[in-house]
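**Student:** First, the structure itself, so that you have it in front of you.
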Amino acid sequence: MQKIYVLSDIHGQSRAFFEMLEKIQFSSEDKLYIIGDVVDRGPDGIKLLEYIRGQKNMVLLMGNHEDMMLRTMNDEESWYETWLFNGGGVTLASLMSFPKEEQERCIEFVKNLPLYRMISVEGKQYLLVHAGIDVSRGESEEQIAAMDRDTLLWIRREFFNAKLSCPYTVIFGHTPTGALLYYAKDLPEESREQAAAFHITRWDRRIAIDCGCAYGENLGCLRLNDQKEFYIKI
């Protein structure tokens, strides 16, 4: 049986990523969805992008850090300082060390990353998206497709504190789960305990999987077939 995994926000931590692949015994028969933010802050973002690009059974979604990288490389000057402030310097230096053709292939790969994916596993439907959705603008796939990229890549409070009525579960990264204690006002007690430990956090049709890899906490991975959680400590 094919095993379906999701993880997010690797942020250049290649050691943790490859240790996770070993831990879950990831094989060519399995599939891994990575919900954005492979680059920045850690040292190996470009190396990871290049690796993921070569894997037929890995699907990378756009994260806000990949988007900042793209906007900067497209000479949108207003984004340069924002990207560097958010840990983009190490990614930029790494990218510039590659031959021009390889740089262009990497940028083209990132440019074509999807903003979201709707998938079904074991009869359950999931929306995979980096940050979340604007529930006030609707929850159907058609309405999600019409949402602007900044919403899907950056939203926090408005998504965390809205009531969901969708038939799917939203799996997202972007916000380290420990920060949910600050942003999400009505987390149930069990969810608060998960968040405080920087573990995968579940509540009200939501699963948060950014476990603070960028901040020395955990890289988390969820197997959707049986909901088993895996962690690598940074």
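The values are calculated or read from the model by the stated rules, or taken from the named source; none is laboratory data. What you are looking at is a predicted structure, and each value in this text was computed from that prediction instead of being measured. All Cβ positions, even for glycine, are placed from backbone atoms using ideal geometry, and neighbour counts span all protein chains on display.
**Student:** Taking helices (runs of 4 or more DSSP H) that fall entirely within segment 72-128, which contain at least 3 residues that are without any contact (Cβ under 8 Å) to a residue 24 or more places away in the chain and more than 22 Å from the chain's Cα centre (by Cα)? Reasoning before the result, please.
**Tutor:** Numbers: elements: 80-85, 89-96, 100-111.
Ranges flagged: 100-111.
**Student:** Taking only pairs six or more apart or across chains, which ones have beta-carbon atoms under 7 Å, a first residue in segment 9-21 that is touching a residue at least 24 places away in the same chain (Cβ under 8 Å) and in a loop (DSSP other than H, G, I, E, B), and a second residue that is among the aromatic types (F, W, Y) and buried (at least 16 other Cβ atoms within 10 Å of the Cβ)?
**Tutor:** Filtered contacts from segment 9-21: I10/F17.
Matching residues to (1) surrounded by fewer than 24 Cβ atoms within 10 Å (Cβ to Cβ); (2) of a type in the set (A, V, I, L, M); (3) at pLDDT below 95:
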{"position": "Y5", "(1), (2), (3)": "yes, no, no"}
{"position": "D9", "(1), (2), (3)": "no, no, no"}
{"position": "L21", "(1), (2), (3)": "yes, yes, no"}
{"position": "V39", "(1), (2), (3)": "no, yes, no"}
{"position": "Q55", "(1), (2), (3)": "yes, no, no"}
{"position": "M58", "(1), (2), (3)": "yes, yes, no"}
{"position": "R71", "(1), (2), (3)": "yes, no, yes"}
{"position": "G88", "(1), (2), (3)": "yes, no, no"}
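**Student:** Any idea how many residues of segment 163-196 are in contact with a strand residue (DSSP E or B) (Cβ under 6 Å, 6 or more places away or on another chain) and among the small types (G, A, S)?
**Tutor:** Final tally of qualifying residues: 2.
**Student:** Report yes if some residue within segment 43-50 is in contact (Cβ under 8 Å) with a residue 12 or more places away in the chain, among the small types (G, A, S), in a loop (DSSP other than H, G, I, E, B) and closer than 21 Å to C106 by Cβ; otherwise report no. Explain how you work it out, then say what you get.
**Tutor:** Of segment 43-50, the ones in contact (Cβ under 8 Å) with a residue 12 or more places away in the chain are 43-50.
After this cut, where a residue has to be among the small types (G, A, S) as well, the list is 45.
This time we only want the ones that are in a loop (DSSP other than H, G, I, E, B), so: none.
Within segment 43-50, not a single residue is in contact (Cβ under 8 Å) with a residue 12 or more places away in the chain, among the small types (G, A, S), in a loop (DSSP other than H, G, I, E, B) and closer than 21 Å to C106 by Cβ.
**Student:** Hey, another quick one. Can you tell me which residue among V6, V110 is out of contact with any Phe, Trp or Tyr (no Cβ under 8 Å at 6 or more places or on another chain) and of a type in the set (V, I, T)? Spell out how you get there, then give the answer.
**Tutor:** Working: V6 fails: out of contact with any Phe, Trp or Tyr (no Cβ under 8 Å at 6 or more places or on another chain).
Just one listed residue meets the conditions, V110.
**Student:** Sticking with this one: Looking at (1) touching a residue at least 60 places away in the same chain (Cβ under 8 Å); (2) within 18 Å of the chain's Cα centre (by Cα); (3) more than 21 Å from C106 (Cα to Cα), can you tell me which one K3 breaks?
**Tutor:** The single condition K3 does not satisfy is (2).
**Student:** Could you grab the pairs with beta carbons closer than 6 Å, sequence gap of 6+ or different chains, first residue in segment 206-226 and within 20 Å of I155 (Cα to Cα) and touching a residue at least 24 places away in the same chain (Cβ under 8 Å), second one surrounded by fewer than 23 Cβ atoms within 10 Å (Cβ to Cβ) and basic (K, R)?
**Tutor:** A214/R41
**Student:** Of everything in segment 146-174, what is in a helix (DSSP H, G or I) and closer than 19 Å to I34 by Cα? Give them in sequence order. Give the derivation first.
**Tutor:** So the first thing to find is which residues in segment 146-174 are in a helix (DSSP H, G or I), and the list is 149-154, 157-160.
Answer for segment 146-174, where residues must be in a helix (DSSP H, G or I) and closer than 19 Å to I34 by Cα: R149, D150, T151, L152, L153, W154.
**Student:** If you don't mind, another one. Within segment 175-214, how many residues are assigned to a helix (DSSP H, G or I) and either out of contact with any Phe, Trp or Tyr (no Cβ under 8 Å at 6 or more places or on another chain) or over 24 Å from E19 (Cβ atoms) (or both)?
**Tutor:** 15
**Student:** Answer yes or no as to whether I46 is over 30 Å from M1 (Cβ atoms), in contact with a Cys (Cβ under 9 Å, 6 or more places away or on another chain) and either modelled with pLDDT of 95 or more or surrounded by 13 or more Cβ atoms within 10 Å (Cβ to Cβ) (or both). Spell out the reasoning first.
**Tutor:** Details: over 30 Å from M1 (Cβ atoms): yes; in contact with a Cys (Cβ under 9 Å, 6 or more places away or on another chain): yes; either modelled with pLDDT of 95 or more or surrounded by 13 or more Cβ atoms within 10 Å (Cβ to Cβ) (or both): yes.
Judged against the criteria, I46 is a match.
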